[in-house]
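J.: Dropping a structure here in structure tokens format, bear with me for questions.
The values are calculated or read from the model by the stated rules, or taken from the named source; none is laboratory data. This one's a predicted model, so the numbers in the text were calculated from it and none came from an experiment. Backbone-built Cβ (ideal geometry, glycine too); neighbour counts: all protein chains shown.
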Amino acid sequence: MVCEPWVVSGNGKILLGAIPLENMDLIVDPARQVLTGAHGDEEVGLLM
């Protein structure tokens, strides 16, 4: 996936939106405040 970054000068926090997360097969659970894999703990790919 290609995603253009937006850089905010002087901000020490990193913000990653829902669409890039979903494209990386990650899901945000706002109720539990956790980031989980869309396929559970199963590996779907490995970068070397």
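J.: Quick one: in segment 9-48, which of the residues that are of a type in the set (Val, Ile, Thr) and modelled with pLDDT under 75 is surrounded by the fewest Cβ atoms within 10 Å (Cβ to Cβ)?
T.: This residue is Ile14.
J.: To continue, here is another question. Determine the pairs where a residue that is on the phi < 0 side of the Ramachandran plot, located within segment 4-33, has a partner that is among the small types (Gly, Ala, Ser) with Cβ atoms under 6 Å apart, the partner being 6 or more residues away or on another chain.
T.: Going by the 6 Å Cβ cut-off, the qualifying pairs are Ile27/Ala38.
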